[in-house]
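Colleague: So that we are looking at the same thing, I have put the structure below in structure tokens.
The values are calculated or read from the model by the stated rules, or taken from the named source; none is laboratory data. Because the structure is predicted, anything quoted here is derived from the model rather than measured. Cβ placement follows ideal geometry from the backbone for every residue including glycine, while neighbour counts extend to all protein chains displayed. The accessibility values were calculated without ligands, DNA or RNA, using every heavy atom of the protein model including side chains. Shrake-Rupley method; radii C 1.70, N 1.55, O 1.52, S 1.80 Å.
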Amino acid sequence: AFEVLRRVHQDFFAERAGHLALANKKAKDAAMAELARGLDSESEDADNEAQEKPASTELETTPGRRDPQVPVTVPEILALEKKKVLAGIGLVFSGVFPLDAPPHEQKMWRLAEQFGARCETQPGPNTSHVVAKTWGTGKCQWAKENGRHVVSPDWLFCSAFLWSKADERAFNPPDHRK
């Protein structure tokens, strides 16, 4: 957890410094362009000078405007850090949710997505993990036959709590088939 906070701290101040440097550069460029226009206009007629308008730099220099793709607040950076934890993992849940409830509305499904996992209702080529309360379901059998991980829900909770993908070998679901 300390490592995540250190990265968030570094990312926050690096992004902020980058935005400030870019804003300062754009302001200086706009000032230089204005100065150049002023020097050019000295040789022109006063009537032409009154009709010219400088190019708008409002979008470039307005404080508070920024690229929406680049996070600069701590909550935005934390959300991106969260998504890295289970990035590239495809999850299928088995025997975890009530059958009559929409899976995508379940807290565990939303937690997995917040931490970067892709959740699916049926196993497929992008499935890397089956989250199951117990062995013995068809999805668990599919995972075993296809060399995929079968983990208990505690694996997801542990990964989210630690902000780091937990070792799947420590989270085998109980086998009540015996």
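Residues are listed down the side, and each one gets a yes or a no for (1) in a loop (DSSP other than H, G, I, E, B); (2) at pLDDT 95 or above; (3) open to solvent by less than 60 Å² (accessible area, probe 1.4 Å):
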site	(1), (2), (3)
87	yes, yes, no
99	yes, no, no
127	yes, yes, yes
139	no, yes, yes
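Colleague: Could you check the stretch 141-158 and list, in sequence order, the residues that are in a helix (DSSP H, G or I) and surrounded by 14 or more Cβ atoms within 10 Å (Cβ to Cβ)?
Modeller: Residues satisfying the conditions are 141, 142, 143, 153, 154, 155, 156, 157, 158.
Colleague: For the stretch 109-125, what are the residues that are open to solvent by less than 30 Å² (accessible area, probe 1.4 Å) and assigned to a helix (DSSP H, G or I)?
Modeller: Matches in the stretch 109-125: 109, 112.
Colleague: Please tell me if residue 169 is surrounded by 12 or more Cβ atoms within 10 Å (Cβ to Cβ) and basic (Lys, Arg).
Modeller: no
Colleague: I've got another one for you. Report yes if residue 161 is aromatic (Phe, Trp, Tyr), more than 30 Å from residue 10 (Cα to Cα) and either open to solvent by 20 Å² or more (accessible area, probe 1.4 Å) or at pLDDT 95 or above (or both), otherwise no.
Modeller: Criteria not met by residue 161.
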